[in-house]
Amino acid sequence: QSVVTQPPSASGTPGQRVTISCSGSNSNVGSNFVYWYQQVPGAAPKLLIYRNDRRPSGVSDRFSGSKSGTSASLVISGLRAEDEADYYCATWDDGLRGVFGTGTKVTVL
Amino acid sequence: HVQLQESSPGLVKPSQTLSLTCNVSGASINNGVYYWTWIRQPAGKGLEWIGRIYTTGSTNFNPSLKSRVTISLDASQNQFSLTLTSVTAADTAIYYCARLTEWLHVDSWGRGTLVTVSS
């Protein structure tokens, strides 16, 4: 039972914009960096966003992240079929532990 | 290019101890830059952070597992290990070893290994 929550699902048609939220508290999201991972079935997760809003090299600029207070968001712009995957936010908790969000399954309709 | 590879005990009996090793190649585990971590994922469920270890041997663990978990580092073999005692079916999961550049920034993952707890 994660202390950082995400909507279980999100969907959109190709070309649409999809937003995934990540809600925590002052001890985790509110005071630490947020990271976003994409996981396709059968594979290890892949880092999409680090330090709230930075993209690693090689990650499409269709993915963007932001944070405000105890919530963070991942936006997928120009949704593509290949974006269908599970998405997890992740952060640190001041109790000295890592925490993953509950995960969001994105479906491309 | 760093690569991580988990060993594979496969099947562990309930109440016994799960032991996994992560072999690291392409980078020294002892370079004082990175943390090394274990993350698991039960089938069809989300990711769970287990713990991490630094070059110095300093560790942090998920409080929900802390009483049963040990993570150690063997610089001579360039590997790190996970031990989880008194396992139950709830510990059945894919276990990933990974490298952390900071906090929960994983820049390299192992492929993951399925551990099943069953008699």
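Any read-out appearing in this document is the output of simple, stated calculations on the displayed coordinates, not a laboratory observation. All values derive from a computational prediction rather than experimental measurement. Heads up, the Cβs are rebuilt from the backbone with ideal geometry, glycines too, and the neighbour counts pull from every protein chain shown.
Keeping to the stretch A:50-109, report how many residues are among the basic types (Lys, Arg) and within 20 Å of B:Lys45 (Cα to Cα).
Adding up the residues that qualify gives 2.
Identify all residues within the stretch A:48-101 that are within 26 Å of B:Phe61 (Cα to Cα), surrounded by 15 or more Cβ atoms within 10 Å (Cβ to Cβ) and of a type in the set (Asp, Glu); write none if there are none.
If the condition is that a residue be within 26 Å of B:Phe61 (Cα to Cα), surrounded by 15 or more Cβ atoms within 10 Å (Cβ to Cβ) and of a type in the set (Asp, Glu), then A:Asp86, A:Asp93 are the ones that fit.
Just to be sure I understand the filter: pairs with C-beta atoms under 6 Å, separated by 6 or more residues or on different chains, first member in the stretch B:56-69 and surrounded by 11 or more Cβ atoms within 10 Å (Cβ to Cβ), second member in a loop (DSSP other than H, G, I, E, B) and of a type in the set (S, T, N, Q). Which pairs pass?
Listed pairs, sorted by first residue: B:Arg68/B:Thr85; B:Arg68/B:Ser86.
Based on what the data block shows, is B:Ser86 assigned to a strand (DSSP E or B) and more than 14 Å from chain A (Cβ to nearest Cβ)?
Spelling it out, it is not the case that B:Ser86 is assigned to a strand (DSSP E or B) and more than 14 Å from chain A (Cβ to nearest Cβ).
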